[in-house]
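The values are calculated or read from the model by the stated rules, or taken from the named source; none is laboratory data. Here the structure is a predicted model, which means the values were calculated and not measured. Because the Cβ atoms are built from the backbone with ideal geometry, glycine has one as well, and the counts that use them run over all protein chains shown. We work out accessible area using only protein heavy atoms, side chains counted, and drop any ligands, DNA or RNA first. Shrake-Rupley method; radii C 1.70, N 1.55, O 1.52, S 1.80 Å.
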Amino acid sequence: MAWAGPYHTQPIQKIFDMLYVNCASQAVLSRYYLEKWVNERKGKKCAIISYSSIAAQEPMGGVAEYGATKAFNDIFSRSMEVEYKQGKDVDLDVLTVYPASVKSQMNSGRYTFTV
């Protein structure tokens, strides 16, 4: 989820929506699956594909919160991989994807470099 424009004009509800959709969902789903894998796949290889964004790579005006939530996705994913890589619980591989614009129901695909 993204919202562009001057940050001071962003509706408070949109701020929380973006945090829930972009950050909390990844944290909660990751916890759910890790708990399941630790109980059912102890010591076995597991993998997570995480979506970040090129917006996480460099600060950009007009999309401050979006870039920050995508940076969370990146650091959270890398941290989980370090915590669980070749561990006694599970052997976790994490692939993080950094797309530019992705055509979806939330994005018409009219931007340059849309996948």
What's the magnitude of the charge dipole for the chain around its Cα centre, counting Lys and Arg as +1 and Asp and Glu as -1 at the beta-carbon? Answer in Debye, nearest 20. 280 debye
Cα-based reach from Lys45 at 12 Å (exclusive), listing aspartates and glutamates while leaving out same-chain residues under 8 positions away: Glu81, Asp89, Asp91, Asp93
Additional length obtainable on full extension of the chain from Lys85 to Tyr33, 0.36 nm per residue less Cα span: 17.2 nm
Using a probe radius of 1.4 Å on heavy atoms only, what accessible surface per residue do you get for the chain? Whole Å² is fine. 67 Å²
Assuming 0.36 nm per residue, please report the length gained on full extension of the stretch Val21 to Ile54 beyond their Cα-Cα distance. 10.1 nm
Going by a ≥ b ≥ c, the root eigenvalues of the Cα gyration tensor, does segment 42-101 fall in the rounded group (a/c under 1.5), the prolate group (a/b larger than b/c) or the oblate group? prolate
Counting only protein heavy atoms and a 1.4 Å probe, tell me what percentage of the chain's accessible area is made up of carbon and sulfur. 61 percent
Which of Lys36/Lys103; Lys70/Lys103; Lys14/Lys70; Lys42/Lys70; Lys14/Lys85 have a Cα-Cα distance over 24 Å? Lys36/Lys103; Lys42/Lys70; Lys14/Lys85
